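All of the numbers you see were taken from the coordinates with simple rules; none came from a lab. Remember, it's a predicted structure, so these values are computed and weren't measured experimentally. Counting neighbours? That spans all protein chains shown, and the Cβs are built from the backbone with ideal geometry, glycine included.
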Ligand SMILES: NC(=O)c1ccc[n+]([C@@H]2O[C@H](COP(=O)([O-])OP(=O)(O)OC[C@H]3O[C@@H](n4cnc5c(N)ncnc54)[C@H](OP(=O)(O)O)[C@@H]3O)[C@@H](O)[C@H]2O)c1
């Protein structure tokens, strides 16, 4: 079977497609015939050995996938051959067949396409865990989302609205912000042309911003934190702009505010039952049309290099997918 592999650290051009042996499911595992897998910002970091998680080589990328169950291992009773499934799988799914622990799989609801389902796990899983479990976002509160048109940012905008917040989307172009409005944002800030701190202070009014969702980092983190409300929560999601910000802690003291870290991958491993409940909520919203994931583009496996370069070029609204099987 075909597999996209990282055999040496480096940019997307170092990835190779090779024929490898089709795996067989072990006890507790399911063999999935992959249809669509999704890429994330961190796939570019993993192949360059710049991510916190460094799998042994050769490894594949794309930590979330959809497809059909081809075979089941000993002891698996909750899935059958032919089931359409979606999964988070941290060692990579950019290959024609992958074995996944049955506990990491969910059924794709009827009426939901594999492309839509492939968008769900990492971005919506992260943003829902962030806003609900870490941010304790409440109805009527104000939420500011940085990098709001990207993968996790778009999911945070949509989920913020579902949770009843007043959502301020912040991004680097008017075109991206128009997209955020279509996803439900109430207000927008273009941080390429406007001063983020003063605009957020203005939009937060007397109260300030209750929850700030930051996947971008760099200088924007402190600028945003300066607009936070009394008892506000600043969610540390990631550092897409590169630099890891340093924060003057007097700002937290003055507002009685919290800096809260979010690490969805660790949450899935440490609190699998809580994560499963979150995924059930998300699948329910996907099935009834409440959630509308946006697919930016779909590339064949052979064009994974172009797909990863699009993410690195900051040129994505929503998700980038790899189509692998029929
Ligand atoms: N904590 C967790 O559990 C968790 C889970 C998933 C992802 N993450 C992290 O969240 C961050 C965003 O991931 P994502 O999948 O949403 O990525 P993405 O789709 O590529 O979006 C990232 C956004 O960041 C902004 N950005 C600013 N400077 C950038 C730069 N130099 N290069 C690329 N983007 C830049 C871009 O928006 P503008 O152009 O509008 O600024 C872009 O839309 C990453 O750091 C990722 O590792 C964390």
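Things worth noting here:
- Inter-label distance for residue 91 and residue 246, nm, one decimal - labels placed 7 Å from Cα along Cα-to-Cβ: 3.9 nm
- With 0.36 nm allotted per residue and the present C-alpha distance subtracted, the residue 309-residue 1 stretch has 108.4 nm of extension available.
- Estimated FRET transfer efficiency (residue 193, residue 254; beta-carbon r; R0 41 Å; 0.05): 0.90
- The chain - Debye-derived log10 I(q)/I(0), Cα point model, q = 0.09, 0.11 Å⁻¹: -0.46, -0.68
- The range 5-113 - Debye-derived log10 I(q)/I(0), Cα point model, q = 0.10, 0.21, 0.22 Å⁻¹: -0.29, -1.08, -1.15
- Compared with the dominant principal axis of the Cα atoms in the chain, helix 151-162 is inclined by about 60°.
- Whether the range 122-264 is rounded, prolate or oblate, judged on the alpha carbon gyration tensor where a/c under 1.5 counts as rounded: rounded
- Folded to 0 to 90 degrees: helix 272-287 orientation relative to the chain principal axis, Cα: 90 degrees
- Residues 43, 326, 281, arranged from fewest to most other Cβ atoms within 10 angstrom of their Cβ, appear as 326, 281, 43.
- Among beta bridges that DSSP assigns inside the chain, antiparallel share in %, nearest 5: 55 percent
- Packing-based ranking, highest mean first, of 245-254, 313-322, 57-66 given that Cβ atoms within 10 Å are counted: 57-66, 313-322, 245-254
- Debye log10 I(q)/I(0) for the range 202-326, one point scatterer per Cα, at q = 0.10, 0.12 Å⁻¹: -0.49, -0.69
- Additional length obtainable on full extension of the chain from residue 17 to residue 110, 0.36 nm per residue less Cα span: 30.2 nm
- Cα→Cβ-extended label distance, 7 Å offset, between residue 8 and residue 271, nm: 4.3 nm
- Virtual spin-label span in nm between residue 292 and residue 49, 7 Å along Cα→Cβ: 4.5 nm
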